[in-house]
Structures are given as C-alpha cells and as structure tokens.
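Report on the structure given below.
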There are 2 protein chains.
Amino acid sequence: MKYGLVMDEEHELAGFDLLSEVPYYATIFTTRMTNNLDGYEEMADRMAELVNARKGFLGMHSARGDDGLGITVCYWRTEEDITAWRTDLEHKEAQDEGRGRWYDQYTVEVARVERTIEFRRPN
Amino acid sequence: MKYGLVMDEEHELAGFDLLSEVPYYATIFTTRMTNNLDGYEEMADRMAELVNARKGFLGMHSARGDDGLGITVCYWRTEEDITAWRTDLEHKEAQDEGRGRWYDQYTVEVARVERTIEFRRPN
C-alpha cells in the first residue's frame with residue numbers, strides 16, 4: 001500500500017503518486033478554521049494514526065494556503081470503507097470537537113474517481 | 001452561477017459553499033512546481049478567465065501549503081464539460097507550457113461527486 005505525502009513527513013519535498021487504479025474513491029474535505037486551535041494538532045495526529053490503520057485507506061494529500069483555506073483529499077478503495085471510517089466512534093468524537101471548536105466551516109464531498117492523468121518531469 | 005473562493009479575490013476570508021447538487025463532477029489537480037515560474041501567474045490568470053466562461057463550470061477551490069504541494073479542485077456540471085475544457089486549444093497550449101516549464105509533477109483525477117456534507121458555524 002502506498003501512503004500519500006502527509007504520511008511521509010521526512011520527505012516533504014518528495015514526489016507523490018496516483019494512489020490506485022480507477023475506480024477508487026476520494027473525500028474532498030475543504031475547511032476554514034476558527035482562531036481556537038487548542039488541541040487541534042494532537043487530534044489531527046491521532047486521526048492520521050487511526051485512518052492509516054483503516055481497511056481500504058489508500059492515502060491522503062493536504063494543503064492549506066495563506067488565505068486560510070485548507071483542502072485535504074483522502075483516498076479509499078470503496079464507498080463502504082468511507083462510511084465505516086465516518087462512523088468510527090473515536091472519529092465521531094473528533095468530528096464533534098471539530099464542530100465545537102476548530103472549524104468555522106467545512107464541506108465534505110464523496111466522489112468516485114473515474115479517470116486519471118499523471119505527469120512527472122523527465123530527469 | 002456561483003464561483004469558488006479563487007474567483008473572489010476581494011473576499012479571501014469569506015466562506016465557501018458547496019457548488020451544486022449531486023451528482024456533479026470534480027477535477028482534483030495535485031501539483032508540485034519547478035523553480036522556474038516565469039510567466040506562470042499571467043497564464044494562471046488567463047486560464048481562470050477562460051475557465052470561468054466555460055459552459056458547465058461551477059467554480060474552484062485552491063490551496064498550496066508551505067511544503068509546496070498544491071491542490072486545486074475544479075467543479076463541473078458534466079464529464080463532457082471537462083473534456084471540452086481539456087481539449088480547448090488555448091488551454092492545451094497552456095498545458096504544454098506547464099509541462100515544459102512550471103510543473104515538476106502533477107496528477108489530475110476526474111471524479112463524480114455523489115454525496116456531500118456541509119457545516120457552517122452558527123453565528
């Protein structure tokens with residue numbers, strides 16, 4: 001199994017790969033945070049640990065720009081794997097804390113990846 | 001028609017919305033740039049202008065983190081709208097320039113959005 005960039009903290013400037021052959025699933029998590037990030041990093045680390053251990057998890061890519069908008073894309077083998085993760089008890093508690101404190105706004109879009117293109121500069 | 005955050009430069013800290021009712025399509029464009037960004041901003045502005053005028057374009061969200069990874073998600077009504085944009089002549093010339101100079105690596109994933117969740121903090 002391949003993990004995405006976020007999982008590879010020691011190689012931040014390394015490349016990334018398409019994480020699977022189509023079809024697979026992506027959750028597009030678009031966020032804007034509040035100013036109260038107490039406890040957020042610890043929770044994010046714990047969720048990364050948990051999600052990595054989930055059946056069907058293929059990896060993730062994440063970016064947050066200077067304007068505060070964050071986009072995290074998680075990749076999954078099937079839609080059922082996504083549902084199982086969404087309803088995981090510890091994850092649900094984290095979601096509740098997120099809505100209570102850390103997120104000003106978010107959208108989650110569950111999407112089926114049907115076609116892919118990859119480019120890598122020749123050495 | 002609603003435009004995403006990227007189109008709304010005067011309100012960078014404003015919120016964002018889900019851009020349509022399901023099903024709709026998303027292209028997830030994950031990038032890593034070279035160190036040669038000459039001409040890139042002008043081209044990006046021109047492509048934003050062109051894509052906004054395309055039939056079926058619903059909006060976009062974009063973020064690039066300190067580690068250099070960029071994620072741009074464009075939203076479309078149908079897969080045919082995506083194909084038409086991909087094969088647009090001026091866009092194809094821009095893609096060629098991008099592969100020649102600006103992009104070290106990228107992936108494009110075309111995905112069908114099937115379910116959405118939205119959260120907005122109560123005032």
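Observations
- If only residues of the range A:83-123 that are among the aliphatic types (A, V, I, L, M) and within 9 Å of chain B (Cβ to nearest Cβ) are counted, the one that is nearest to A:Phe16 (Cα to Cα) is A:Ile117.
- Residue count for the range A:38-54 satisfying the condition of being touching a helix residue (DSSP H, G or I) at 6+ places or on another chain (Cβ under 6 Å) and under 17 Å from A:Arg86 (Cβ atoms): 3.
- For the range A:102-120, the tally of residues that are in contact with a helix residue (DSSP H, G or I) (Cβ under 8 Å, 6 or more places away or on another chain) and not aromatic (Phe, Trp, Tyr) stands at 3.
- Filter result (buried (at least 16 other Cβ atoms within 10 Å of the Cβ), under 22 Å from A:Glu93 (Cβ atoms), within 14 Å of chain B (Cβ to nearest Cβ) and not small (Gly, Ala, Ser)) within the range A:31-70: A:Thr31, A:Arg32, A:Met33, A:Met60
Every number here is computed from the coordinates shown, using simple stated rules; none is lab data. The structure presented is a predicted model; accordingly, all values stated were derived computationally and were not measured. Cβ sites come from the backbone with ideal geometry, for glycine too, and all protein chains shown count toward neighbours.
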